[in-house]
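Working notes, beginning with the structure itself.
The values are calculated or read from the model by the stated rules, or taken from the named source; none is laboratory data. These figures come from a predicted structure and were not determined experimentally. We place every Cβ from the backbone using ideal geometry, glycine too, and count neighbours over all the protein chains shown. Ligands, DNA and RNA are excluded from the accessible area calculation, which covers all protein heavy atoms including side chains. Shrake-Rupley method; radii C 1.70, N 1.55, O 1.52, S 1.80 Å.
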Amino acid sequence: MAPTPPRNTTTRVHVVSDVHGNARDLARAGEGADALICLGDLVLFLDYADHARGIFPDLFGVANADRIVELRTARRFAEAREFGARLWAGVDGDRRELIEGAVRKQYAELFAAFPTPTYATYGNVDVPPLWPEYARPGTTVLDGERVEIGGRVFGFVGGGLRTPMNTPYEIGDEEYAAKIEAVGEVDVLCTHIPPEVPDLVYDTVARRFERGSRALLDAIRRTRPRYALFGHVHQPLTRRMRVGATECVNVGHFASTGRPWVLEW
């Protein structure tokens with residue numbers, strides 16, 4: 001009898017980023033995949049497309065959300081901070097406790113929606129100290145670390161660089177570069193923010209350049225991963241481009257699309 005030929009096996013991974021409260025679609029994002037990867041920004045503080053959604057309008061109302069979006073979009077950050085401070089001054093209760101309570105409510109729903117296995121890293125609006133309380137068995141949290149999936153090595157670096165927005169998980173350039181260095185050579189480099197390439201960091205709706213990482217760009221050029229996957233920029237000028245041998249892909253604003261990006265090999 002002739003030997004049975006080996007079966008062709010394919011590994012399929014779904015990748016999402018910038019979930020921003022979309023638990024409904026997140027619960028379906030892993031269907032048909034061997035694993036789900038999430039590149040952060042689970043929390044929805046303020047939806048720039050729908051100002052009625054998020055922690056901010058829940059606390060202060062839609063009209064005030066309209067105003068702060070207007071100020072931030074115009075890059076009038078000092079005025080936005082002053083406006084926000086006036087709003088908080090009129091709130092009964094501790095600001096930190098109110099925000100943490102709202103974040104915890106979102107995390108409870110979002111982490112429950114993760115399939116098994118999920119590999120996740122933080123976004124700039126996430127609160128890393130809370131994640132261990134909500135990450136269930138089957139969800140692996142990585143930051144400056146590597147993992148093997150289907151024979152390929154994936155590296156993960158979470159968070160963002162410091163900006164006038166002052167979101168919860170912004171770190172200094174040197175600390176971020178150290179995490180990139182710790183990951184080293186990988187097949188797929190997964191980060192929340194993009195490399196510092198103008199076409200990849202410009203948001204066409206917000207009409208501004210978001211912060212990308214020069215250290216990430218240098219690492220891509222030096223280590224030549226097959227893919228560099230990221231999110232952060234919701235409406236990029238370019239969603240996909242090559243940097244040397246590496247395919248750089250913005251995996252999308254999952255909150256609005258509800259669709260994961262698919263990687264197969």
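So for segment 200-208 (the condition being surrounded by fewer than 16 Cβ atoms within 10 Å (Cβ to Cβ), among the polar types (S, T, N, Q) and in contact (Cβ under 8 Å) with a residue 24 or more places away in the chain), does at least one residue qualify?
Yes: one or more hits.
Check off (1) outside any strand (DSSP E or B); (2) touching a residue at least 24 places away in the same chain (Cβ under 8 Å) for Cys190 and give me the number that stays unchecked.
(1)
Being modelled with pLDDT of 95 or more, crowded, with 16+ Cβ neighbours inside 10 Å and either aromatic (Phe, Trp, Tyr) or out of contact with any Gly (no Cβ under 8 Å at 6 or more places or on another chain) (or both) narrows it down to one residue among Val157, Val127; which is it?
Every option except Val127 fails the conditions.
Might you let me know whether segment 228-246 holds any residue that is open to solvent by less than 60 Å² (accessible area, probe 1.4 Å), out of contact with any strand residue (DSSP E or B) (no Cβ under 6 Å at 6 or more places or on another chain) and in a helix (DSSP H, G or I)?
Among the residues of segment 228-246, not one is open to solvent by less than 60 Å² (accessible area, probe 1.4 Å), out of contact with any strand residue (DSSP E or B) (no Cβ under 6 Å at 6 or more places or on another chain) and in a helix (DSSP H, G or I), which makes the answer no.
Please determine, by comparing only the residues of segment 61-76 that are open to solvent by 30 Å² or more (accessible area, probe 1.4 Å) and assigned to a helix (DSSP H, G or I), which one is nearest to Asn22 (Cα to Cα).
Among residues in segment 61-76 that are open to solvent by 30 Å² or more (accessible area, probe 1.4 Å) and assigned to a helix (DSSP H, G or I), the one nearest to Asn22 (Cα to Cα) is Val62.
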